[in-house]
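The structure appears below as structure tokens.
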Amino acid sequence: MSTDLSIDQIIAAVQHLEGSLVVAPAVGDAGFPELAWGDAFFYYAPDGVLPRTVQPYGTIVTKNYPDDTASDLDPAERWRVNLHVDRGTFRELTEHYAAGDGAQTPADATVDLAATDVVLPHPVYGTAGWIAVVNPGPRTADTVLRLLHDAHDAARVRSERRR
């Protein structure tokens, strides 16, 4: 892929995956906290019902959260896709950021967690196997789409194990 990847393209890619559920609370959606409005959450839910006991396997955030400001998402046109990946993939994608066995934290000056079109450890959940890409573009679009498929498949396997 040679262009920037849009939020709509990512959501469309996830919606085409079998058993996927995209939850994208709109402004004024009383069923969700105001902070979540404008963001998107990706689940494996073949019954189409929002799972209450599992975390999403991916998200798109369009603003800073109170405990998550290192990516500088408040300016217009800045957003971030977040994906849960397995340990091997996490190490492979973030080895140049690694501090020991875990991801660097926002306090580590060597990582610019606001950089765009770069696969980074998630600023808050990196140590739990999450990666993040601010404004995916030509360098990361294919990787993001591949990782979305992988994360969806892993969520499906976990769901099937629980049944």
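Read-outs: derived from the displayed coordinates by stated rules, not from any lab. These numbers were taken from a predicted model, which means no experiment stands behind them. Here the Cβ positions follow ideal geometry from the backbone for every residue, glycine too, while neighbour counts run over all protein chains shown.
Structural remarks
- Fewest-first ranking of I7, I131, using other Cβ atoms within 10 Å as the exposure measure: I7, I131
- Altogether, the Stokes-Einstein calculation at 10 °C and 1.306 mPa s, with the Kirkwood radius of the chain over Cα pairs as Rh, returns a diffusion coefficient of 98 µm²/s.
- Cβ-to-Cβ counts within 10 Å put H149, H16 in ascending order as H16, H149, the fewest first.
- For the range 1-66, the Cβ-based charge dipole about the Cα centre amounts to some 140 debye (Lys, Arg positive; Asp, Glu negative; other atoms uncharged).
- Packing-based exposure ordering (other Cβ within 10 Å, fewest first) of L21, L113: L21, L113
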